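Here the structure comes first, spelled out in structure tokens, and everything after it is commentary.
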Amino acid sequence: MTLTQTQQETHLQQARVSLQQALSWYASFRRHWNYPPNPELQAAVRQDLQALKEALDKVEQNIIKIATFGLVSRGKSAVVNALIGQKLLDTGPLHGVTQWPKSVRWTPPSGKIQIEFIDTPGLDEIQGEARANMAQEIARQADLILFIVAGDITRTEYQALWELRRAQKPLILVFNKIDLYPEKDCETIYKQLQNIAIKSQGKANPLLSTEEIIMVAAEPQPIPIRVEYPNGKVTEEWETPPPDIEQLRQTILNILNQEGKSLLSINALMQAKQAEENIAQKTLEIRQKEAEKIIWQYTKYKALIVGLNPVALFDIIGGAFADLSLIRALAQLYGLPITNHEAGKLWRKILFSSGGLLLTELGSSLILGVGKSASAVSSFLESPAILTTYGTTALMQGGMAGYCAYIIGKAAQEYLEKGCSWGPLGPSTVIKTILDEIDRNTILYRLRQEF
């Protein structure tokens, strides 16, 4: 069973709504509630805001992007030309015909989807950091990756394959020029990958399954053909066979028909999630001093509220209110989307994920609060001297409450650094919703653990 068109359309709509909400929120990024604009911050997040817009455009245009990677002379451009059925990209015997990434659009015969192929230069032509940046950026844009090899797989290719696998995108290993290597089959290539993994990493690393390895001959070499004429003349002519590409084309079309829109939705949301995390991280770094000031301010507020209040129950309520106000104040400072409900969820998450530390502190504070309340009642009914006990207890309880507030403030910073993608329409939530509906037979299912 695969995803129905209705399910895929629903996933696309969920992604669209999530991205529209994110853009709507961050469109007012310059207006940090009561905080003045920060030109440094606005400049730092400009690229990430653009990434959010690109993610929404990706969903709106409904175009699947397929990127080809590989070393020089593996036939990347030839594979794209063969898939499209037209020679739109230059190919040739010289190394490095493709000098920079190029894109071509293709509408399959079904007409239901549009595909944009991104052809990249050979990974061994671009050196060092530039190569890594190019590969990372193209992989980020892609919904599906074709990694082209020919002949024996080298360690350089294995390393590039391993790095691209980390992009968390569906990947197909395309063994090109099979007309020159007829002895190769998927099982042989799979074992070769395993052997390289053992030599490189000391253990077999199943980057791919045999189902994700496809053999093609995108631009077969000419072969001699015997020609006999009616007059008895016999000659030998060279003829170029048609590309052997149908298995790869059908594999791609099957993936896109069965789960293409869901795949598009996931990738756009992953792009948005990363952008939101980047925005949060940069905002935290730039507004660190202001954040520290807020945390210490609410630490003092909570210590005073809990310490001076004579009623134990109100200690807990007042302290919780101070914590929630602290989380909200930090979120407002950072310009990050968070509601009162989400602030409450975050507060509870921090309490229960602290290894019992903060819950113990709360319990101790409650016990001290009961003792403090009893001292307050006794002081007025029996002896004013008991006020000393009240004051000591209040001081201890206030200090403990202040300590909890500081820990909660620092923990909230860490959670906020991951962006606010945990809301009802946040990218992380929508990604999880989509993945929970993915069928076992889809390529997305095999990526669930990585996601």
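The values are calculated or read from the model by the stated rules, or taken from the named source; none is laboratory data. Keep in mind the model is a prediction, meaning the values are calculated, not measured. Here Cβ is always computed from backbone atoms with ideal geometry, including for glycine, and neighbour counts include all displayed protein chains. For the accessible areas, the whole protein counts, side chains as well, though only heavy atoms, and no ligand, DNA or RNA atoms are used. Shrake-Rupley method; radii C 1.70, N 1.55, O 1.52, S 1.80 Å.
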Filter segment 330-344 down to the residues that are touching a Gly at 6+ places or on another chain (Cβ under 9 Å) and either at pLDDT 75 or above or not in a helix (DSSP H, G or I) (or both) and list them by number.
LEU330, LEU336, PRO337, ILE338, THR339
Within segment 50-74, track down each residue that is in contact with a Lys or Arg (Cβ under 9 Å, 6 or more places away or on another chain), open to solvent by less than 20 Å² (accessible area, probe 1.4 Å), outside any helix (DSSP H, G or I) and farther than 23 Å from THR10 by Cβ.
ALA67, THR68, PHE69, GLY70
Matching residues, segment 151-193, being on the phi > 0 side of the Ramachandran plot and open to solvent by 10 Å² or more (accessible area, probe 1.4 Å)
GLN168, LYS177
Restricting to segment 392-425, and then to whatever is of a type in the set (Val, Ile, Thr) and modelled with pLDDT of 75 or more, can you tell me which residue is nearest to ALA268 (Cα to Cα)?
ILE408
Of everything in segment 431-450, what is under 26 Å from LEU173 (Cβ atoms) and outside any helix (DSSP H, G or I)? Give them in sequence order.
ILE438, ASP439, ARG440, ASN441, THR442, ARG448, GLN449, GLU450
Segment 75-92, subset of a type in the set (D, E, K, R) and open to solvent by 40 Å² or more (accessible area, probe 1.4 Å), residue modelled with the highest pLDDT:
LYS87
I need the full set of residues from segment 274-292 which are out of contact with any Lys or Arg (no Cβ under 9 Å at 6 or more places or on another chain) and of a type outside the set (A, V, I, L, M, F, W, C), in order please.
ASN278, LYS282, THR283, GLU285, ARG287, GLN288, LYS289, GLU290, GLU292
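Residues checked against (1) closer than 24 Å to VAL79 by Cβ; (2) open to solvent by 90 Å² or more (accessible area, probe 1.4 Å):
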site	(1), (2)
TYR229	no, yes
LYS233	no, yes
GLU237	no, no
PRO243	yes, no
ARG249	yes, no
LEU256	yes, no
GLU259	yes, no
SER265	no, no
GLN271	no, no
